[in-house]
Amino acid sequence: MKYSRLGTAALAGLTVLALASCSSSDAGVESSGEESASTAAGGVNTEAPAYDLLPEDIKSAGGITIAGDTHPPYRTLQEGGEITGIDPDIQEALAEQLGVPFTIQTSSGLDAMLTGMLSGRYDAFNGPVRTTAEREEDFDAVVWMTTRTSYLYLSERQEDLGTPEDVCGARVAGVTGSVTESQLERYAEWCEGEGLEAPEFLGLEDTNSTILAVRSDRADYAGTTQTAAIDIQTQDEGVFEFIAQSEEQGAGIDQLAMFMPKDNELAEAMLAAFEGIFENGEYDRIMAEWGLDDTKVDAPTLNPMTGQTSGESSGE
């Protein structure tokens, strides 16, 4: 079964990742301390709409350090260190509202990025990561999209893996702690309701690792966002197909957010910046360019799982 692919405008500038032959360390996304300026690089604009809401530490630093791993098409590491994708496009739009640029610092693994924020190494991380009540105890979360998980498999296995029922009882590789893991739990509930076995989750470090697992027959499917599945399918034409998780199977429920540690007090300014790009049309433009119209939200929300704001006690 064929699926529509990202338009040429959305794919412009993306480099084909050598997924079959390199690991995350080969791709240069180990936590190395090397930084790559985002497309929002530039000087400080104290007249920007949300600048006055920034905490003094961010104003003094003159920018926001945001963690990032390789997760096409959200972030793709180009030769020379430039990072392109949805996340840098969103950052560029937000920087216009905040008056300070973003700098992406590469890391690897969700736990490393969450821990790095708590230690003050990063000011924020934009996933794609789902918000939960547990995460909102430590982090402020600005939700700006939802997600649909897709299950990527080798085209040569179409006969065995090409239907939604085939995911049941199969081995599914996904990034540990990612939205795929929770979405697969909902898929498992659907499988059991159909009288079928639940799929087995194989937790790995990053997206490249999940694709390698499929290529090496360690896994039957790689669970990823639908946009990433389309991007990978386009890069290796004829190699992959995918099955999109339906609403009946629990898709479209998880909310994806930008995370910030509560003690850096960046949430108020970031929420205002997101509200600004919703109002001026930049959000709609970027989401349409990347084929994400079916994952948009009506408005950004802060900490929807807990209603908790920066500075509030999380344990009492």
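Number of residues in the stretch 175-200 that are at pLDDT 95 or above and in contact with a helix residue (DSSP H, G or I) (Cβ under 8 Å, 6 or more places away or on another chain): the value is 8. Within the stretch 113-144, being surrounded by 22 or more Cβ atoms within 10 Å (Cβ to Cβ) and part of a loop (DSSP other than H, G, I, E, B) holds for 122, 123, 126, 127, 128, 129, 131. Among the residues of the stretch 215-258, those that are farther than 20 Å from residue 295 by Cβ, out of contact with any helix residue (DSSP H, G or I) (no Cβ under 7 Å at 6 or more places or on another chain) and in contact (Cβ under 8 Å) with a residue 40 or more places away in the chain comprise 215, 218, 235, 236. Applying a threshold of 7 Å to beta carbon distances and a minimum spacing of six or more residues, or different chains, the list of pairs starting in the stretch 105-127 at a residue that is in the same structural domain as residue 95 (by TED's automatic domain parsing) and ending at one that is assigned to a loop (DSSP other than H, G, I, E, B) and of a type in the set (A, V, I, L, M, F, W, C) reads 106/29; 108/29; 110/129; 123/266; 124/266. For the stretch 145-169, a residue qualifies if it is out of contact with any Leu (no Cβ under 7 Å at 6 or more places or on another chain), surrounded by fewer than 24 Cβ atoms within 10 Å (Cβ to Cβ) and over 16 Å from residue 208 (Cα atoms), and the qualifying residues are 148, 155, 156, 157, 158, 159, 160, 161, 162, 163, 164, 166.
All conditions but one from (1) assigned to a strand (DSSP E or B); (2) touching a Ser or Thr at 6+ places or on another chain (Cβ under 8 Å); (3) closer than 30 Å to residue 234 by Cβ apply to residue 153; the one that does not is (2). Can you confirm whether residue 105 is part of a helix (DSSP H, G or I), over 13 Å from the mean Cα position of the chain (by Cα) and under 23 Å from residue 48 (Cβ atoms)? It is false that residue 105 is part of a helix (DSSP H, G or I), over 13 Å from the mean Cα position of the chain (by Cα) and under 23 Å from residue 48 (Cβ atoms).
Taking the criterion of being over 16 Å from residue 107 (Cα atoms), under 16 Å from the mean Cα position of the chain (by Cα) and not polar (S, T, N, Q), the residues of the stretch 48-92 that qualify are 73, 85, 86, 89, 90. You will find that of 157, 135, 148, the residue that is touching a residue at least 40 places away in the same chain (Cβ under 8 Å), among the basic types (Lys, Arg) and touching a Gly at 6+ places or on another chain (Cβ under 9 Å) is 148 and no other.
Per-residue answers, yes or no, for (1) closer than 25 Å to residue 275 by Cα; (2) surrounded by 22 or more Cβ atoms within 10 Å (Cβ to Cβ):
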position	(1), (2)
65	yes, no
78	no, no
81	no, no
98	yes, yes
111	no, no
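Only one of the listed residues (174, 203, 169) is touching a Gly at 6+ places or on another chain (Cβ under 9 Å), closer than 16 Å to residue 153 by Cβ, of a type outside the set (Ser, Thr, Tyr) and free of Cβ contacts under 8 Å to residues at least 60 places away in the same chain. That residue is 174. Filtering the stretch 178-229 to residues that are among the β-branched types (Val, Ile, Thr), over 14 Å from residue 70 (Cβ atoms) and either in contact with a strand residue (DSSP E or B) (Cβ under 8 Å, 6 or more places away or on another chain) or assigned to a loop (DSSP other than H, G, I, E, B) (or both) leaves 179, 180, 214. Tell me, yes or no, whether the stretch 213-227 has at least one residue that is within 17 Å of residue 130 (Cβ to Cβ), crowded, with 19+ Cβ neighbours inside 10 Å and of a type outside the set (Val, Ile, Thr). Yes.
For residue 274, are the conditions met, namely being at pLDDT 95 or above, farther than 30 Å from residue 162 by Cα, crowded, with 20+ Cβ neighbours inside 10 Å and of a type in the set (Phe, Trp, Tyr)?
Taking the combined requirement at face value, the residue satisfies it.
The values are calculated or read from the model by the stated rules, or taken from the named source; none is laboratory data. Bear in mind that the values here come from a model prediction, so they are computed numbers and not experimental data. So basically every Cβ, Gly included, is an ideal-geometry build from the backbone, and we count neighbours across all protein chains shown.
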